[in-house]
Amino acid sequence: MRKTLLRSAIPLALLMSAGTVGIVASSGPSAASATRHPQHVITIPESDKFTPYQMTIHAGDSVTWVNTDTDDHTVVSDDGFNSAGHRGIDQLIPGTDANHGTPGTLTLRFRHAGTFVYYCRFHAHLDTDSQPVAPGPDGGIQDSNGNFGTPMSGVITVVASHDDD
């Protein structure tokens, strides 16, 4: 399995299929782009969750995931529910242990209205109805009561762009 490490110190821009999602790892947006297209942040704390779980943004805005956990996590699209044109995303976000003490980041720019449902492949999997569920006995962290917890997932709702307001 090939893993791609994205580091916040290395500017990188990739264009995903059909130009629907831009993946950028950088130190931050320029003042001009931040004014025109706001950037939103989802934090991954040490408790294996995406915070906030749900976010509403405008088409053209960017979302940055910041992994402050020591463990690696991923952002994987749940293509069964994504209507914003974002398919096939499976990006590793390195934890501080794998990234020389620095939180790993991933930035996606959302160009189309719709939904983006995602999960961490290390801490969730999809059931037969494409619903994220906790990993169960084949993975994940089990507490002292035998519970595998809540699946690590999230939802971004993308509404019409600011220009359309």
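Some observations on this one:
- Some residue of segment 39-57 being of a type outside the set (Asp, Glu), more than 15 Å from Ser153 (Cα to Cα) and not in a strand (DSSP E or B): no
- Whichever residue in segment 126-136 is more than 15 Å from the chain's Cα centre (by Cα) and not in a loop (DSSP other than H, G, I, E, B) and, among such residues, is modelled with the lowest pLDDT: Gly136
- Residues of segment 86-124 satisfying the condition of being in contact with an Asp or Glu (Cβ under 6 Å, 6 or more places away or on another chain), in a loop (DSSP other than H, G, I, E, B) and at pLDDT below 95: Arg87, His123
- Checking Ser83 against (1) crowded, with 20+ Cβ neighbours inside 10 Å; (2) part of a loop (DSSP other than H, G, I, E, B), the condition it does not meet: (1)
- Given (1) of a type outside the set (S, T, N, Q); (2) free of Cβ contacts under 8 Å to residues at least 40 places away in the same chain; (3) over 18 Å from Ser153 (Cβ atoms), index of the condition Asp90 fails: (3)
The values are calculated or read from the model by the stated rules, or taken from the named source; none is laboratory data. These numbers were taken from a predicted model, which means no experiment stands behind them. For neighbour counting, all protein chains shown are included, and Cβ atoms are generated from backbone atoms with ideal geometry for every residue, glycine included.
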